[in-house]
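What follows is a single structure, written as structure tokens, with notes after it.
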Amino acid sequence: MSVLLLILGLVLFVCLVIVHEWGHMIVARRNGVDVEEFGIGFPPAAKTKKLKSGMVLSLNWLPLGGFVKLKGEHDADTEKGSYGRANIWAKSRIMMAGVGMNLLTCFLILTFLAAVGMPKLLDNQFTVSKDTKTSRNQVLIGYVEPGSPAEKAGLKVEDRLTSFVHDGQVFTAQSADTLPDITKRFPGKTVTVNYVRAGEAKSVTVTLRGTKEVEDSQKTDNPKGYLGISPTEYTLRRSTWSAPIVALGLMWQFTVATLAGLWHAISALFVGHTAEASAQVSGPVGIFVILKNGSLLGYQFILMIIAVISLTLAIMNALPIPALDGGRLFVTWVYKLLHKPLTQRAEEWIHGTGFAVLMVLFVLITIVDVKRFI
């Protein structure tokens, strides 16, 4: 099941880019701009088909999203049906159409999740308390202390703890806060820990640390617990009539968090802390790892991550970053307001430089992701 969810997550991730480009295509055609090609994936082409409208629909070998090719994409193009010939407002609508589609996708996914079970990822995650109920609460292992009873017993991060058994007594792990109360009942004793890993129920016997060892460690810089783990929770909360409101509130929360993280990364980059800056974001490797680990938690978590990625794509493409949609539109508006022509050479230099910088950051982030996750 987790493999299928991982595949679903990867397919949906690719679809986010396709939906983004589809928005550009639809709005471009509605504003009189001819679309020469709409591609799923990136070249080389595996199969192409020319439609009656003259647009080429292509299926390409590199499954990394998609693209749309408009006629006369440079601002200086003046041929009929070209993007360059469109007025500034039409260009604005075309450039921001991808952002709009990603925002809409995020809203629809979050509304669906709010109705069926929204994962709680933030401590102060937005919700309408009068219309929200907890539908699931699981205790997971967030950290395993090296050399601890938990590590010796083979327990791992993301194992879902269900219960502890000692002398026929069963204690259910209902929350992360109650877990220490359970383990301190049996200092130095052997208990059976029941847990779930990758959807399979398992059990293992663990001899907990003694009271003296735990109490002595509290006086040091390395305090220890009886089992030697840090628990976390995976909670799902459901809403009814307020599902769209919850979606909008959460979109605002994640937007603020994303912009704050981006500002922190840029600030670190400017002072030369490149490793710290790149650690604030994740590239394809990081996204794959997140989807892989999240597939163990169920489809709700996968959809939540896809929604957040869709929102992030919208935010990044709305910012005035050269080579991205917002950057292209920003440059166009600047030249328009200055009453200066944006030549093809100037446009290619600006966005070519921006693209080169983005590729350097992409490589840097990928290297950090490989070191962090692999």
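The values are calculated or read from the model by the stated rules, or taken from the named source; none is laboratory data. Predicted model, so just to flag it, every value in this text is computed and none were measured. Backbone-built Cβ (ideal geometry, glycine too); neighbour counts: all protein chains shown.
List the residue pairs whose Cβ atoms are under 8 Å apart, where the first residue sits in the range 216-238 and is in contact (Cβ under 8 Å) with a residue 60 or more places away in the chain, the second is in a strand (DSSP E or B) and of a type in the set (Gly, Ala, Ser), and the two are 6 or more positions apart or on different chains. Sorted first by the residue in the range 216-238, then by its partner, the pairs are 229/142; 230/142; 231/142; 232/142; 236/135; 237/135; 238/135. The set of residues in the range 5-39 being farther than 28 Å from residue 88 by Cβ and without any contact (Cβ under 8 Å) to a residue 40 or more places away in the chain consists of 7, 11, 15. Within the range 192-238, the only residue that satisfies the criterion of being exposed (fewer than 13 other Cβ atoms within 10 Å of the Cβ), over 20 Å from residue 147 (Cα atoms) and charged (D, E, K, R) is 200. Taking the condition modelled with pLDDT under 85, in a helix (DSSP H, G or I) and under 30 Å from residue 348 (Cβ atoms), does residue 262 pass? Spelling it out, residue 262 is indeed modelled with pLDDT under 85, in a helix (DSSP H, G or I) and under 30 Å from residue 348 (Cβ atoms). Go through the range 77-92 and give me each residue that's surrounded by 19 or more Cβ atoms within 10 Å (Cβ to Cβ) and part of a helix (DSSP H, G or I). Once the filter is applied, which keeps residues that are surrounded by 19 or more Cβ atoms within 10 Å (Cβ to Cβ) and part of a helix (DSSP H, G or I), the range 77-92 yields only 91.
For the range 311-329, the set of residues classified as buried (at least 18 other Cβ atoms within 10 Å of the Cβ), of a type outside the set (S, T, N, Q) and under 14 Å from residue 92 (Cα atoms) consists of 318, 324, 325, 326, 327, 328, 329, listed by residue number. Residues that are assigned to a loop (DSSP other than H, G, I, E, B) and of a type in the set (A, V, I, L, M) were ranked within the range 16-67; the one that is surrounded by the most Cβ atoms within 10 Å (Cβ to Cβ) is 33. How many of the residues making up the range 148-169 are small (Gly, Ala, Ser), in contact (Cβ under 8 Å) with a residue 24 or more places away in the chain and out of contact with any Lys or Arg (no Cβ under 8 Å at 6 or more places or on another chain)? Total satisfying the criteria: 4. Restricting attention to the range 233-250, does a residue exist that is out of contact with any Cys (no Cβ under 7 Å at 6 or more places or on another chain) and closer than 17 Å to residue 164 by Cβ? For the range 233-250, residues out of contact with any Cys (no Cβ under 7 Å at 6 or more places or on another chain) and closer than 17 Å to residue 164 by Cβ: present. Exactly one residue out of 133, 120 is within 24 Å of the chain's Cα centre (by Cα) and either closer than 30 Å to residue 161 by Cα or free of Cβ contacts under 8 Å to residues at least 40 places away in the same chain (or both): that is 120.
One residue is enough: does the range 89-98 have a residue meeting the conditions touching a residue at least 24 places away in the same chain (Cβ under 8 Å), of a type outside the set (Val, Ile, Thr) and touching a His at 6+ places or on another chain (Cβ under 7 Å)?
The answer is yes, given that some residue of the range 89-98 is touching a residue at least 24 places away in the same chain (Cβ under 8 Å), of a type outside the set (Val, Ile, Thr) and touching a His at 6+ places or on another chain (Cβ under 7 Å).
Has the range 113-134 got at least one residue that is basic (Lys, Arg), exposed (fewer than 14 other Cβ atoms within 10 Å of the Cβ) and over 30 Å from residue 233 (Cα atoms)? Within the range 113-134 (the criterion being basic (Lys, Arg), exposed (fewer than 14 other Cβ atoms within 10 Å of the Cβ) and over 30 Å from residue 233 (Cα atoms)), the answer is no, since none of the residues qualifies. Selection of the range 293-351 for residues being of a type outside the set (D, E, K, R), over 24 Å from residue 102 (Cβ atoms) and not in a helix (DSSP H, G or I) yields 296, 338, 339, 341, 342, 343. Contact annotation: no residue pair with Cβ atoms under 8 Å, 6 or more positions apart or on different chains, pairs a residue in the range 318-345 that is within 12 Å of residue 76 (Cα to Cα) and outside the structural domain of residue 92 (by TED's automatic domain parsing) with a partner that is at pLDDT 90 or above and not in a loop (DSSP other than H, G, I, E, B). In the range 5-15, is there at least one residue being assigned by TED's automatic domain parsing to the domain that holds residue 344 and modelled with pLDDT of 90 or more? Yes, the range 5-15 has at least one match. Among the residues of the range 168-199, those identified as touching a strand residue (DSSP E or B) at 6+ places or on another chain (Cβ under 9 Å) and farther than 26 Å from residue 134 by Cβ are 186, 188, 189, 190, 191, 192.
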